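**Q** Attaching a single structure in structure tokens format; questions to follow.
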Amino acid sequence: MSAAFSARILLLMLAVSSPLCCTVAHEAEPDTVHAIEGVTVVGRKGRDIIPGERLSGERLKGLNTVSVADALRFFSGMQVKDYGGVGGIKTVNIRSMGSQHLGIYYDGVELGNAQNGQVDLGQYSMDNVGEVTVYNGQRSGIFQTASDFGSAGTVYIATRRPWFDSGETDHFRAKVKYGASDMLRVSGVWEHRFSERVTSSVTAGVLTSSGKYKFRYRRKNYDGSTAYDTTAVRENGDVQAVRAEANIYGQIRGGSWGAKLYTYHSTRGIPGAIVNNVWRRGERQGDSNTFLQGWWQRNMSDKYSMRILAKLASYRTHYVNRDTTTQMVDNRYRQEEFYLSTSHMAEICRGWNVSACYDMRWSHLWSDMSPCYYPTRLHNLFSVATSADLRWVKLQGSILLNIVDDKLKDGPDQSLLTRWTPAVFVACYPFGTPAFSLRAYAKRSFRMPTFNDLYYADMGNSALRPETATQYNIGVLYERQYRGGMLQSMRLQADAYRNYIDDKITAYPKGQQFRWTMMNLGKVRITGTDISADATLRLPAGIAMTTRLQYTYQDARDVTNRNDSYYNDQIAYIPYHSGSLMLGMKWCRWSANYSFIYTGLRYSQQENILYNRLQPWYTSDLNIMRTLTLGKTLMRVTLEINNLFSQDYDVILNYPMPKRNCAISLDIDM
């Protein structure tokens, strides 16, 4: 995690006048942090060319979120696939381009899954997260890893950095939460200051839940008559998970360093789809994920800075299917990953910077499946970037070289793959004020086929080509802080974009046995608009109020083959209209937060016919908090009501979501 991110987290935690106020910080290079009697002050030059959307501090606490995936539902252009329940798998994609085109970074290092390209964000708790930031295209700063330049969009998850008043050496935080589905979450955080320059945090959590909840199941026949209409209880959705994380942060002359050890272990049932009156499945999955990562960064001179990142990871999965109506399965998978990155940035002259970065990622997959090719992938990335600040115009350009080399232990030799992907960004301030800006970018990126796409038994296709994404975006931003009066701050942002996906990888039935194989068959054209607005108000009687509204329109069409019955149809599970609303109010020691999510009309299959149409759904969540103090101990009691109006809905067809459910939690800070 960069020094800029660390300083922003501390600033957002300390400098807001009300815990509900959300101050938007912007990244620039370089940042300077000065500590004055326990207050952190951040000095910055310039603004982001393409500003990111952020949720941090009290705004994050005000959401009824359990995992990172829950928080991402409130960002423009994001689609979250939620398979239901506390332990259900949760994946996310941005602007309809697929989850493999989205880079997810945890404290500056990318989370990966070479096996299937899916990162289950349900495994990452919000208990110690200080900020979540989403960028379309890429982050504006050029002092970053080469991998940062490679994704069509990026999500940055930043853990909360320890902060201490003068004379303090330890902080303790604990949280207990109990709710529907017999859900019990217990977590704790210990922050320690070894010296003025070295701090640490250790966090651990336990989650257990039966996963049972009531739902209404309704389906209609082709003629419109009712096929099913019943209320049942979701089964085989139990989860038991343990998570632990240790961080250490240090300051050196002109720089900083840090390290993270993360481990997650879980066993859970997979309730599966409800079809043909089958209400319970025999699938179960166990996960055991551990990684160690570290970073070191220093300004070597006034003109030159460098950063080194490294990560070592092991991911293990045990999948069992004891359903007697299908083929019995008992398979184990193990992935190992090693990642190394070095980044260098130099200032040529005032306002003109250049950077050069190199990343190396080595991945290996082992499985007890038969046959298994035991693939190994070496992915090298080289990037060169430049940025220029010409007073009221900012420019950024980059080019990334990808070199991918796959090796198979018991399979044919694979050819070396190389890809060049350029990007150009521009922002201007036509009225000579930083409050109003126009920006545009064009970017090309690609994603490699996963190990499953290429080498999965009876399904993989080793001749697959990578998917290629081309993005065009124009946007406008107005942002202003006000002194005095009811309105404290306001932020309006709008973007229009066109994306193209070529060589879309899809599963296709082939052969007399109707076995499925992976093929490059798809072309997708995406046209969309994202609009968001934020405001902070100071109402009479000392009431502080924050609002956040976002709306997304997406027209994502399959334009592969004119002879297909679904040519020019909306691709599956992409709604035309979606949006969210957040309202937060604070008065004295009381606070209340309301959030609303809407997902419009969409289709469950490629063909946009009446039978495949999924009705719009919405949910409303509400929480009420009361803060108490006992000496130096701060306590907060929170009552949550999720799906306030008990809406019946599926995010994924035949995976019903819970009806109205409640939870109560107690947070203790010492």
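The values are calculated or read from the model by the stated rules, or taken from the named source; none is laboratory data. Keep in mind the model is a prediction, meaning the values are calculated, not measured. Cβ atoms come from the backbone with ideal geometry, glycine included; neighbour counts cover every protein chain shown. Surface accessibility is based on the protein's heavy atoms, side chains included, excluding ligands, DNA and RNA. Shrake-Rupley method; radii C 1.70, N 1.55, O 1.52, S 1.80 Å.
**Q** Classify the range 138-253 from the C-alpha gyration tensor, please: rounded if a/c falls under 1.5, else prolate or oblate depending on whether a/b exceeds b/c.
**A** oblate
**Q** Calculate the FRET efficiency for residue 565 and residue 194 from the Cβ-Cβ distance with a Förster distance of 60 Å, rounded to the nearest 0.05.
**A** On the way: r = 66 Å, r/R0 = 1.09.
About 0.35, to the nearest 0.05.
**Q** Using R₀ = 25 Å, calculate the FRET efficiency as 1/(1 + (r/R₀)^6) where r is the Cβ-Cβ separation of residue 388 and residue 496; round to 0.05.
**A** 0.50
**Q** Oh, and also: Taking the radius of gyration and the Kirkwood hydrodynamic radius from Cα positions alone, what is the Rg/Rh ratio for the range 315-368, to two decimal places?
**A** In the range 315-368, Rg relative to Rh is 1.45.
**Q** What is the percent of Cα-Cα separations in the range 233-381 that go past 27 Å?
**A** 49
**Q** Additional query: Any idea what % of Cα-Cα pairs in the chain are farther than 39 Å?
**A** Counting every Cα pair in the chain, those more than 39 Å apart make up 31 percent.
**Q** Let me ask you something else. So what's the gap between the Cα centers of the range 407-460 and the range 568-598, to the nearest angstrom?
**A** Centre-to-centre distance over Cα atoms comes out at 29 Å.
**Q** Here is a further query. Roughly what would the spin-label model give for residue 252 and residue 229, points 7 Å off Cα along C-beta, in nm?
**A** 7.0
**Q** Lys/Arg Cβ at +1, Asp/Glu Cβ at -1, dipole of the chain taken about the Cα centre: which of 295, 189, 420 is farthest positive-ward?
**A** Positive-most Cα among the choices belongs to 189.
**Q** OK, next. With only Lys, Arg, Asp and Glu charged, each at its Cβ (+1 for the first two, -1 for the last two), find how big the charge dipole of the range 132-233 is about the Cα centre; round to the nearest 20 debye. The partial results should precede the final answer.
**A** On the way: 15 positive and 9 negative charges, 105 e Å.
It works out to roughly 500 debye.
**Q** Which translational diffusion coefficient, to the nearest whole µm²/s, is obtained for the range 360-433 from the Stokes-Einstein equation, given a Kirkwood hydrodynamic radius over C-alpha pairs, 37 °C and 0.692 mPa s?
**A** Here the translational diffusion coefficient equals 209 µm²/s.
**Q** Here's another thing I want to ask about it. Set Lys and Arg Cβ to +1 and Asp and Glu Cβ to -1, take the dipole of the chain about its Cα centre, and tell me which of 539, 527, 597 lies farthest positive.
**A** Checked the options; the winner is 539.
**Q** Just to check I understand the Karplus step: with θ = phi - 60° and J = 6.51 cos²θ - 1.76 cosθ + 1.60, what whole-Hz values come out for the range 425-433, glycine and proline as x?
**A** My calculation for the range 425-433 gives 10, 9, 9, 9, 10, x, 9, x, 9 Hz in order.
**Q** Report the charge-dipole magnitude of the chain in Debye, nearest 20, computed about the Cα centre from +1 at each Lys and Arg Cβ and -1 at each Asp and Glu Cβ.
**A** Magnitude of the dipole: close to 920 debye.
**Q** Taking a spot 7 Å from the Cα of residue 298 along the direction of its beta carbon, which residues of the range 99-143 have an amide N less than 20 Å from it?
**A** 143
**Q** OK, next. Quick one: accessible area per residue over the chain, 1.4 Å probe, rounded to a whole number of Å²?
**A** 44
**Q** Next up: Starting at the first residue of the range 611-624, write each ³J(HN,Hα) from the Karplus equation 6.51 cos²θ - 1.76 cosθ + 1.60 with θ = phi - 60°, in whole Hz, x for Gly and Pro.
**A** Values per residue, Gly and Pro as x: 5, 8, 6, 10, 6, x, 9, 8, 9, 10, 10, 9, 9, 10 Hz.
**Q** Further, regarding this structure: Can you work out ³J(HN,Hα) from phi for every residue in the range 149-154, in order, using Karplus 6.51 cos²θ - 1.76 cosθ + 1.60 and θ = phi - 60°, giving whole Hz and x for Gly and Pro?
**A** Values per residue, Gly and Pro as x: 7, x, 9, 6, x, 9 Hz.
**Q** Could I have the simple spin-label model distance between residue 362 and residue 170, label points 7 Å from Cα toward Cβ, reported in nm to one decimal?
**A** The answer from the label model is 4.1 nm.
**Q** Given the range 522-607, report the % of alpha carbon pairs whose separation exceeds 23 Å. Numbers along the way, then the final one.
**A** On the way: 1653 of 3655 pairs.
The calculated P(r) of the range 522-607 puts 45 percent of pairs beyond 23 Å.
**Q** Count the net charge of all other residues whose Cβ sits under 15 Å from the Cβ of residue 563, scoring Lys and Arg as +1 and Asp and Glu as -1.
**A** After counting each charged neighbour, the total is -2.
**Q** List the chymotrypsin sites (Phe, Trp or Tyr not before Pro) within the range 587-670 that fall in a DSSP loop (any state other than H, G, I, E or B) and whose Cβ has at most 14 other Cβ atoms within 10 Å.
**A** Within the range 587-670, the qualifying chymotrypsin sites (Phe, Trp or Tyr not before Pro) (loop, at most 14 other Cβ atoms within 10 Å) are 645.
**Q** Determine the gain in length on full extension of the stretch residue 178-residue 577; use 0.36 nm per residue of separation and subtract their C-alpha separation, reporting nm with one decimal.
**A** 140.2 nm
**Q** Let me ask something else about it. Over all directions, average the projected area of the Cα convex hull of the range 55-208 and note it in nm².
**A** 10.6
**Q** Taking the Cα centre of the range 65-145 as origin, sum charge times position over the Cβ atoms of Lys and Arg (+1) and Asp and Glu (-1), and report the length of that vector in debye to the nearest 20.
**A** 300
**Q** Place +1 on the Cβ of every Lys and Arg and -1 on the Cβ of every Asp and Glu in the range 273-406, take the dipole about the Cα centre, and give the residue among 285, 304, 392 whose Cα lies farthest towards its positive end.
**A** Of the listed residues, the answer is 392.
**Q** With N denoting the number of residues in the range 362-501, provide Rg(C-alpha) divided by 2.2 N^0.38 Å, to two decimal places.
**A** 1.56
**Q** Still on this structure, I have one more. Computed on alpha carbon atoms, what radius of gyration and Dmax characterise the range 594-636, expressed in Å?
**A** In Å, with Rg to one decimal and Dmax whole: 21.0, 63.
**Q** Mind checking the full-extension length gain between residue 482 and residue 277? Use 0.36 nm per residue of separation minus the Cα-Cα distance, one decimal, nm.
**A** Values: separation 205, 0.36 × 205 = 73.80 nm, distance 5.87 nm.
Separation in residues times 0.36 nm, less the Cα-Cα distance, equals 67.9 nm.
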